[in-house]
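In what follows, a structure is listed as structure tokens, so that the remarks can point back to it.
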Amino acid sequence: MADYETFQHDVLVIGAGGAGLRAAIEASAAGVSVGLVCKSLLGKAHTVMAEGGIAAALANVDERDNWKVHFADTMRGGQYVNNWRMAELHAKEAPDRVRELEAWGAVFDRTKDGRILQRNFGGHKYPRLAHVGDRTGLEMIRTLQDHGVHRGIDVHMEHTILSLLKDGDRVVGAFGYERERGRFKIFRAKAVVMATGGIGRAYKITSNSSEYTGDGHSLAYEAGAELIDMEFVQFHPTGMVWPPSVCGILVTEGVRGEGGTLTNKEGRRFMFDEIPENYKAQTADNEEEGWRYCQGDKNARRPPELLTRDHVSRCIVRELKEGRGSPHGGVFLDISWIKQKLPHADEYIKKKLPSMYHQFKQLADIDITEQPMEVGPTTHYIMGGVHVDPDTEMSRVPGLFAAGECAAGINGANRLGGNSLSDLLVFGKRSGEFAAEFAKENSHGKINNGNIDKVAREAVEPFERGGGENPYEVQRDLQEMMQDNVGIVRNEKEMLVALDKIDDLGARAARVLVTGNREYNPGWHTALDLKNLLTVSEAITRAALERKESRGAQFREDYPDKDDVFGNVNTIVWKGEDGSMQVRLEPLPPMPDELKQIIEEMR
Ligand SMILES: Cc1cc2nc3c(=O)[nH]c(=O)nc-3n(C[C@H](O)[C@H](O)[C@H](O)COP(=O)(O)OP(=O)(O)OC[C@H]3O[C@@H](n4cnc5c(N)ncnc54)[C@H](O)[C@@H]3O)c2cc1C
């Protein structure tokens, strides 16, 4: 075996976003040694991009809020295929996790009496999102990073993990390379926490950063873990559509929370046209009531722009298909209209939505205090991910834990905005706690040198080929193919085409050629990402084919309705003995009566 530099930790956390940092802090607090690996610089993880806020039933702005309402909102938003236990733990524990963040130094926006301010967001009955303007992720990551660094966590920045190491059934570390120098490294650990984020780069139009290539999903799958709910990919309704160079960049739901309206080219607020039955009682049926809700009137119901993301995205697609879109293929999102209602509206908008103001001013030459924005759906989040035990976050592979966007269960068929940042805190903490416990009970396992050499050999193969494919072109073709065939509106015919094309793209990926050397070579990094992107693309497609109904983020035009049979199951994907991807439907775990009752009371 080549002589690889080796590090040894009790717990290895892969990913330094909100989930990874929170896991690392908790494991370190339990008294074990912790290593933290991330692809980019510390503080640059995707979590830094989060805008709108952290959902937690603190009841600072509306005293009627509590964990039960948050739980019921999350289950309704997820169309009841969520893991009830995760939704329960999340709703109960999120307030403490937010207060703890504040105690560690996070400076939230304030209510007049000095408490953490909370804002409205889609699908949340009451104002629930603790926020810092529209830069909440930055404050969260800064706070966690400072706290983590002071705990003495060893950070390995700009390292990419290529494979998990196993001793028998158990995970005993990871193998990867340093992006700057291209050198391979071994990370031995008694327990590993996956916190690698999402998969958005499998699609052409996405709000996600370049780190979102589904690495954790794919690494866990290869190591024997199951993936759950992979068909549920969230298309956020409001991404920028113009100019093309910024297409897909997110426009926070906070704009609609502050009173922003969606209109078509005829100037009509089309969201009033179709309000789903299960939201009718909670949704305003006139514009005046919607505005009063955004201004904090407790007797008003929320405007239909604040319905769940899956529904708003589909309404936008309907407007586009029926020829009522804006000039650049979106619809209009307007916050400037609030001038009719508020005396200093332009100052208010700049204060509440500073990033949005600058984003549009600098990237599209639009002043959002004066003009409407043009927006359309963008791939944003994956509800599916590593199947974990709801209490401990351990996968079915002993010693392998997962948290944050790469894990799954809490969101069901659709995630409510703000529920990701709280998920990172709640389940990041839990994964760190239980990984530390596992590490205390187990010793370091044996490392299989042969497997490591094989991974290293395969990784450098793209430099050694005589001629071949350009990795960027294979990546682009995959993204276009997924956008066209497994996007917002799906059908069996196109998804079968997608599976064939994934095979072809897999063959092309095996022929990619990289020039130059291993030192900070983005072409090589892209070549290595392809395997993960292909694995998650196949998992999404196979799970979407298996769910023959429309629910939440999955809309099938060949099965346009919800089907009770599928309302009782999750899809599970795993790697079969022969190496091929397998799918099955698994009944939901039975929900205790007291939780059923909460859902009934809140309907
Ligand atoms: C623009 C935008 C705004 C958003 N706003 C909100 C919001 O207001 N509220 C909300 O709740 N949610 C929001 N979300 C969603 C939320 O930000 C993400 O779901 C969340 O930040 C994911 O956090 P994470 O810790 O799971 O992963 P990340 O923060 O993405 O961290 C992943 C980490 O894993 C590392 N990594 C990945 N692969 C590897 C590998 N192979 N080897 C080593 N390291 C690896 C990365 O380098 C990174 O450090 C938003 C998303 C976007 C795109």
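Listing for the model above:
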{"item": "Verdict on Asp229 being under 23 Å from Ala408 (Cβ atoms), buried (at least 24 other Cβ atoms within 10 Å of the Cβ) and acidic (Asp, Glu)", "result": "yes"}
{"item": "Residue list for segment 41-84, restricted to those being out of contact with any helix residue (DSSP H, G or I) (no Cβ under 9 Å at 6 or more places or on another chain) and within 16 Å of the ligand (Cβ to nearest atom)", "result": "Leu41"}
{"item": "Every pair of residues 6+ apart whose Cβ atoms lie under 9 Å, when the first sits in segment 247-272 and is within 16 Å of the ligand (Cβ to nearest atom) while the second is aromatic (Phe, Trp, Tyr)", "result": "Gly248/Tyr203; Val251/Phe360; Glu253/Phe121; Gly254/Phe121; Arg256/Phe121; Gly257/Phe121; Glu258/Tyr348; Gly260/Trp337"}
{"item": "Residue selected from segment 155-168 under the condition under 13 Å from Ile452 (Cα atoms) and buried (at least 19 other Cβ atoms within 10 Å of the Cβ), by the criterion farthest from the ligand (Cβ to nearest atom)", "result": "Lys166"}
{"item": "Single residue of segment 26-40 satisfying the filter (touching a strand residue (DSSP E or B) at 6+ places or on another chain (Cβ under 8 Å) and near the ligand (Cβ under 6 Å from one of its atoms)) that is farthest from Glu258 (Cα to Cα)", "result": "Val37"}
{"item": "The lone exception for Val171 - which of (1) within 14 Å of the ligand (Cβ to nearest atom); (2) crowded, with 24+ Cβ neighbours inside 10 Å it fails", "result": "(1)"}
{"item": "Output for segment 490-510, where each listed residue is buried (at least 17 other Cβ atoms within 10 Å of the Cβ) and either touching a Cys at 6+ places or on another chain (Cβ under 9 Å) or β-branched (Val, Ile, Thr) (or both)", "result": "Ile502"}
{"item": "In segment 521-544, residue farthest from Ser209 (Cα to Cα) [restricted to those that are among the hydrophobic types (A, V, I, L, M, F, W, C) and free of Cβ contacts under 8 Å to residues at least 60 places away in the same chain]", "result": "Leu534"}
{"item": "Residues of segment 180-215 satisfying the condition of being more than 9 Å from the ligand (Cβ to nearest atom), within 30 Å of Asp477 (Cβ to Cβ), of a type outside the set (Phe, Trp, Tyr) and touching a strand residue (DSSP E or B) at 6+ places or on another chain (Cβ under 6 Å)", "result": "Ile199, Ile205"}
{"item": "Output for segment 358-398, where each listed residue is assigned to a loop (DSSP other than H, G, I, E, B) and over 23 Å from the mean Cα position of the chain (by Cα)", "result": "Asp365, Ile366, Asp367, Ile368, Thr369, Glu370, Gln371, Pro372, Pro398"}
{"item": "Subset of segment 277-315 [touching a Ser or Thr at 6+ places or on another chain (Cβ under 9 Å), assigned to a loop (DSSP other than H, G, I, E, B) and under 12 Å from Gly123 (Cβ atoms)]", "result": "Leu307"}
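Where a number appears in this text, it was derived from the coordinates with a stated rule and is not lab data. Note that the structure is a prediction, hence the values are computed from the model and not measured. Note that we place each Cβ from the backbone using ideal geometry, even for glycine, and neighbour counts take in every protein chain shown.
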